[in-house]
Protein chains: 2
Amino acid sequence: MQYHVNGELVEAGEATVSVEDRGFQYGDAAFETLRAYGGTVFEWAAHRDRLNGTCETLGMPEAVPDDLHDRIRATLDANGLKDAYVRASVTRGVQAGKLTPAAEVDPTVVVVVKPLPRGGVEGTPVWGGPATVRTVESRRTPEAAMPADVKTHNYLGGILARLELRGTDADEALVRDVDGNVAEGATSNVFFIDDGVLRTPGLSGPILSGVTRAVVLDIARDRDIPVETGWYGVEDVRSADEAFLTNTTWEVRPIGSVDGVAVGGGPVTDRIVSAFDRRVEGLYGSV
Amino acid sequence: MQYHVNGELVEAGEATVSVEDRGFQYGDAAFETLRAYGGTVFEWAAHRDRLNGTCETLGMPEAVPDDLHDRIRATLDANGLKDAYVRASVTRGVQAGKLTPAAEVDPTVVVVVKPLPRGGVEGTPVWGGPATVRTVESRRTPEAAMPADVKTHNYLGGILARLELRGTDADEALVRDVDGNVAEGATSNVFFIDDGVLRTPGLSGPILSGVTRAVVLDIARDRDIPVETGWYGVEDVRSADEAFLTNTTWEVRPIGSVDGVAVGGGPVTDRIVSAFDRRVEGLYGSV
């Protein structure tokens, strides 16, 4: 496998960053998880925009290289991959030994790829079955401490949430905000359906604006599935008719149970999965 | 300069970690900033205990190598350094491509050193003058989202605070908790003095339990300086008779002003600085 580090393709085993890189020392870096289908990066513009937004919040608005899309394609090509997981990181690079960031940034840009199964209508999901979800005590960092719409190498919140699942049968955490409202999973957005209405926590809460979340909302609008965003409790998800999680690699994954209470997919989830798969399938003809 | 990476001394320019190291990808790592005086690591036991505590919170209680103190000394020796800044990091290492940490951990251990001026009675502080402090909007992450007593590579909170100082004359941020109480600086603990009483935010708030903070409190007890810990507002610091910041590299640094309001050091600060310097001076005879 070859990765892309600072403009060069390098063997995965030699793909490194300095121990003084701020992305390592402080998690001072933006990243995106992307997915390529048939050689095309899914929702590239949305990911690029969010990456630029994260870098802007981090005070390095020019850090994302103009040719990042080319670097991703070059990395896929070098590994002969058409269906792949892609992680692209842009760090503040190495700077003098002060926490205060210098205005001048020489970013470190890293692209890592892994093979994934084919997606689309004939595809295989990366997950083996519906998610087993448990509510955890660790809360989502409030907006006042960290803007929710950034995706950075400060990812311990999700890790602490997952650590609480140790010794249980759960594979995803249901994370609440500090007021007790449902926020999201450790690596996913949460949706649930009651009486045919699709519900998901709104972006006025500390919710990552997931790219797959936006695609699902777009599909719902297209298909005249009523959508409501707002503030919800864990009980709302547990008692829902259907529930699912979304992220780039999982796509749309039904929730089997929440805290041991069976929920599962259903007709609305199926319609959304089917529309999502068709949208992805379109990419296989496009190259 | 040579650094210590995974048990080996390497040239600084070749001191790297894998782009797949979780310390890089997620900031999934514990660290300590230490200081050596005359070849001796100051307050080693306190730093080691906090590092172990952080690793325990991160679900990798055995990650700190038993010989970390030796690795630090070897790094100082290799560079001929007796007075130095030391940064020791312990990451969860490289694991399979899942956010959920595996139980088995092969940690990445990194020691970075830099020369610092001599400390103690005849020493020179690393700072050029009293701190110019400004209150920032970005808040300290609450305990519910991240335990405050961990010191990790998720350090963007402090970076966002420092970014707010861009374009001002300030060199340290005064960070409040989400309720508006004074918490700490971006990289320092805050103390202030009124009518001879030394005050600092208590550890029941989201405050890093700083090693230098503990030394200062110990000195105050020794010298019969009355101490009060509690919840304070920005106005309490601005209107104080004296105020100072503490951290390992700054030691005890007077606050010149807060939000443009002059504060400064004074007799109690001077007594504490003097006692601190004498404590450090003791290390120069110990090797």
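The values are calculated or read from the model by the stated rules, or taken from the named source; none is laboratory data. On a predicted model such as this, the values are computed, not experimentally measured, just so you know. We place every Cβ from the backbone using ideal geometry, glycine too, and count neighbours over all the protein chains shown. Ligands, DNA and RNA are excluded from the accessible area calculation, which covers all protein heavy atoms including side chains. Shrake-Rupley method; radii C 1.70, N 1.55, O 1.52, S 1.80 Å.
Gyration tensor over the Cα atoms of chain B: the corresponding equivalent ellipsoid has semi-axes (square roots of 5 times the eigenvalues, largest first) of 32, 24, 17 Å. Across the stretch B:2-115, what fraction of all alpha-carbon pairs, as a whole percent, falls in each successive 5 Å bin from zero upward? Taking every Cα pair in the stretch B:2-115, the percentages come to 2, 13, 23, 23, 19, 12, 5, 2, 0. About its Cα centre, the dipole of the protein assembly as shown is roughly 340 debye, where the only charges are +1 on Lys and Arg Cβ and -1 on Asp and Glu Cβ.
Solvent-accessible surface of the stretch A:131-284, taken per residue with a 1.4 Å probe and all protein chains present: 35 Å². Summary for B:PRO117: label point 7 Å along Cα→Cβ; distances to the equivalent points in the other copies, ascending, 6.4 nm.
Taking the convex hull of the alpha carbon positions in the protein assembly as shown and averaging its projected area over all directions gives 25.6 nm². Between copies, B:GLU8 shows label-point distances of 1.8 nm, shortest first, with the point placed 7 angstrom from Cα along Cα to C-beta. Only protein atoms count toward the accessible area here, which uses a 1.4 Å probe; on the stretch A:131-284, the carbon and sulfur part of that area reaches 46 percent. Per-residue shielding of B:144-151, expressed as the average number of other chain Cβ atoms within 10 Å of the residue Cβ, stands at 5.
At R0 = 51 Å, how high is the FRET efficiency between B:ASP77 and A:ASP195 if r is their beta carbon distance? Nearest 0.05 is fine.
On the way: r = 71 Å, r/R0 = 1.39.
The computed FRET efficiency comes out at 0.10.
Please identify which residues in the stretch A:208-234 have an amide N closer than 20 Å to a label point set 7 Å out from the Cα of A:HIS69, following the Cα→Cβ vector. Answer for the stretch A:208-234: A:211-212, A:214-215. Per residue, how much accessible area does the stretch B:2-115 show when a 1.4 Å probe rolls over the protein heavy atoms, in square angstrom? On a per-residue basis, the stretch B:2-115 sits at 37 Å².
Under a 5 Å amide H cut-off, with hydrogens placed 1.01 Å from N, B:GLY185 pairs with B:VAL175, B:VAL190 among residues at least 5 apart or on other chains. If a spin label sat at a point 7 angstrom from the Cα of B:GLU62 along the line to its beta carbon, the backbone N atoms of the stretch B:95-125 nearer than 11 Å would be those of B:104-106.
Strictly over 22 Å apart at the Cα level, which of B:LYS114/B:LYS151; A:LYS151/B:LYS114; A:LYS114/A:LYS151; B:LYS82/B:LYS114; A:LYS114/B:LYS151 would you flag in this model?
On the way: B:LYS114/B:LYS151 20 Å; A:LYS151/B:LYS114 31 Å; A:LYS114/A:LYS151 20 Å; B:LYS82/B:LYS114 10 Å; A:LYS114/B:LYS151 31 Å.
Violating the 22 Å limit, Cα to Cα: A:LYS151/B:LYS114; A:LYS114/B:LYS151.
Each principal axis of the Cα cloud of the stretch A:65-118 was evaluated for its coordinate range; sorted largest first, these ranges are 45, 19, 13 Å.
To one decimal place, what Kirkwood hydrodynamic radius in Å is obtained for the stretch B:93-200 from all pairs of distinct Cα atoms?
Numbers: mean 1/r = 0.0577 Å⁻¹.
Kirkwood hydrodynamic radius for the stretch B:93-200: 17.3 Å.
Counting Cβ atoms of other protein chains within 10 Å of each Cβ in B:55-61 and taking the mean gives 2.
Here the simple spin-label model places points 7 Å from the Cα toward Cβ, and for A:ASP179 and A:SER239 these points are separated by 2.0 nm.
Roughly how much accessible area, to the nearest 100 Å², goes out of reach of solvent when B and A pair up, both sides summed, probe 1.4 Å? Mind dumping the intermediate values first?
Numbers: alone 13060 and 13060 Å², together 21750 Å².
Interface between B and A: roughly 4400 Å².
Placing a label point 7 Å from the Cα of A:GLU228 along the Cα-to-Cβ line, the residues of the stretch A:174-197 whose backbone N sits under 13 Å from it are A:192-197. Take each peptide in B:162-168, A:19-25, count the other Cβ atoms within 10 Å of every residue, and average; sorted highest first, the result is A:19-25, B:162-168. Counting, for every residue in B:8-20, the Cβ atoms of other protein chains within 10 Å of its Cβ and taking the mean gives 5. Computed from point charges on the beta carbon alone (+1 for Lys and Arg, -1 for Asp and Glu), the dipole magnitude for chain A about its Cα centre is near 260 Debye. Interface residues of the stretch B:88-107, defined as a loss of at least 40 Å² in heavy-atom accessible area between the chain alone and the complex of all protein chains with a 1.4 Å probe, are B:LEU99, B:THR100, B:PRO101.
State to the nearest 20 debye the size of the charge dipole of the stretch B:2-115 about its Cα centre, where the only charges are +1 on K and R beta carbons and -1 on D and E beta carbons. For the stretch B:2-115, the charge dipole is close to 360 debye. Once the Cα-Cα distance is subtracted from the 0.36 nm per residue extended length, the B:ALA102 to B:VAL261 segment shows a gain of 52.2 nm. Per residue, the Cα convex hull of the stretch B:61-153 amounts to 186 Å³. In the assembly of identical copies, B:LYS98 has its label point, taken 7 Å from Cα in the direction of the beta carbon, separated from the corresponding points by 4.4 nm (ascending, one decimal).
When Lys and Arg each count +1 and Asp and Glu each count -1, what net charge do the other residues less than 14 Å away from A:VAL268, Cβ to Cβ, add up to?
-4
Using the average count of surrounding beta-carbon atoms within 10 Å as a protection proxy, the listed peptides B:254-260, A:7-13, A:106-112 rank, highest first, as A:106-112, B:254-260, A:7-13.
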